[in-house]
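Asks: Just passing along the structure, written as structure tokens.
Values quoted throughout were computed directly from the atomic coordinates according to the rules given, and no laboratory measurement underlies them. If you're wondering where the values come from, they're calculated on a predicted model, not measured in any experiment. For neighbour counting, all protein chains shown are included, and Cβ atoms are generated from backbone atoms with ideal geometry for every residue, glycine included.
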Amino acid sequence: MKKLFSATAAILFGFSAFAQNTGKLLDNYISVKNALVSSDAPAAAQAIHTLYQSVKAETDFAEKEALLQATEKLHKAANIEKQRAAFNDISTVMWAVVKGPGKTGQAVYYQYCPMKKAYWLSKEKEIKNPYYGSAMLSCGKVVETKE
């Protein structure tokens, strides 16, 4: 009985720790998104590096390999247009991470740009498109929400 309790506690602690880390990954992702919205290439590069490092340091989880590959591609992008082109891949994987079990502690909006045919996540319902910056800032719609 003691072993069963210990195993259950370890599993629950693992889920709890990953839920907390999901929040950290999401915060790092949002920093990248905000830099792309602002068309701030240096800030985007720094935020991408931070996200890449946090994904590499994260313990194993179901989407880790896919998220790491998408983050590596984004990390290698040489300019803001290439960063924007690679951003959809990381966004779709991050949505799978966020939609997983556990709470995010706040609403997360999965948003879609019909012009780019690409997705992104946001903590605000208001559309701020990372794919076009100020040129088409409000292009998009909320397609799903995780509470």
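Asks: Return the subset of K64/K99; K76/K123; K33/K146; K24/K76 for which the Cα-Cα distance in this structure is over 24 Å, preserving the input order.
Replies: Distance filter (> 24 Å) returns K76/K123.
Asks: Taking only C-alpha pairs under 8 Å that are 6+ residues apart, what is the relative contact order of the chain in percent?
Replies: 23 percent
Asks: Further, regarding this structure: Over the Cα atoms of the chain, what Rg and Dmax result, in angstrom?
Replies: Looking at the chain, its Cα Rg and Dmax stand at 16.2, 62 Å.
Asks: Can I ask one more? Would you please state which residues of segment 23-47 a label at M115 would reach in this model, taking the label point 7 Å out along Cα→Cβ and a backbone N cut-off of under 20 Å?
Replies: Answer for segment 23-47: 33-41.
Asks: What distance in nm separates the two pseudo spin-label positions at F61 and A43, each 7 Å out from Cα along the beta-carbon direction?
Replies: With each label point 7 Å from Cα toward Cβ, the separation is 2.5 nm.
Asks: Next question, about the same structure. As a footprinting exposure proxy, order D40, D60 by other Cβ within 10 Å, with the fewest listed first.
Replies: D60, D40
Asks: Still on this structure, I have one more. As a check on your grasp of the helix formula, calculate [θ] at 222 nm for the chain: sum -39500 (n - 2.57) over DSSP H runs of n ≥ 4, divide by the residue count, round to the nearest 500.
Replies: -20500 deg cm²/dmol
Asks: Need one number: nm distance between label points at V142 and K99, each 7 Å from Cα along Cα→Cβ, rounded to one decimal.
Replies: About 1.7 nm separates the two model spin labels.
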